[in-house]
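See structure below.
Read-outs: derived from the displayed coordinates by stated rules, not from any lab. Since this is a predicted model, take the numbers as computed values, not measurements. Neighbour counts run over all protein chains shown; Cβ positions are idealised from the backbone, glycine included.
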Amino acid sequence: MSAGLEDAAKLVAGALSRRKPEERGEFLRQLLAHTAAGLVIIQGEREAGEAVYRLADAVVARGAR
């Protein structure tokens, strides 16, 4: 894992650890929404849409197991 990815993982893990277990799901949903919005601004609508589509595809694939 690259240093940037490790930093991001540590940031999210730290934010999750400061929240109650019942608050963590909402935090992650909000994080995903804000991340997608940021991708639209930084990389454009098409690239952001592709990233969100891949995420949704992974969720569906995980649910099929």
Ranked by GNM mean-square fluctuation in the chain (Cα springs under 10 Å), the top entry among G49, G25, G14 is G14
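Hey, got the dipole for the chain? About the Cα centre, +1 on K and R Cβ, -1 on D and E Cβ, debye to the nearest 20? Write out the running numbers ahead of the final one.
Working: 10 positive and 9 negative charges, 62 e Å.
Result for the chain is approximately 300 debye, rounded to the nearest 20.
Give the whole-number value, in cubic angstrom per residue, of the convex hull volume spanned by the C-alpha atoms of the chain. Let's see the in-between values first.
Details: hull volume 7.4 nm³, N = 65.
So the per-residue hull volume is 114 Å³.
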With Cα springs under 10 Å, the Gaussian network model of the chain assigns the largest mean-square fluctuation among A36, A13, A51 to A13
On the formula 1/(1 + (r/R0)^6), with r taken between the Cβ atoms of A56 and R19 and R0 of 22 Å, the FRET efficiency rounded to 0.05 is 0.35
Expected vector for the range 18-34, Karplus 3J(HN,Hα) from phi with 6.51, -1.76, 1.60 and θ = phi - 60°, integer Hz, x for Gly and Pro, equals 8, 10, 5, x, 6, 9, 5, x, 4, 4, 5, 4, 5, 4, 4, 5, 5
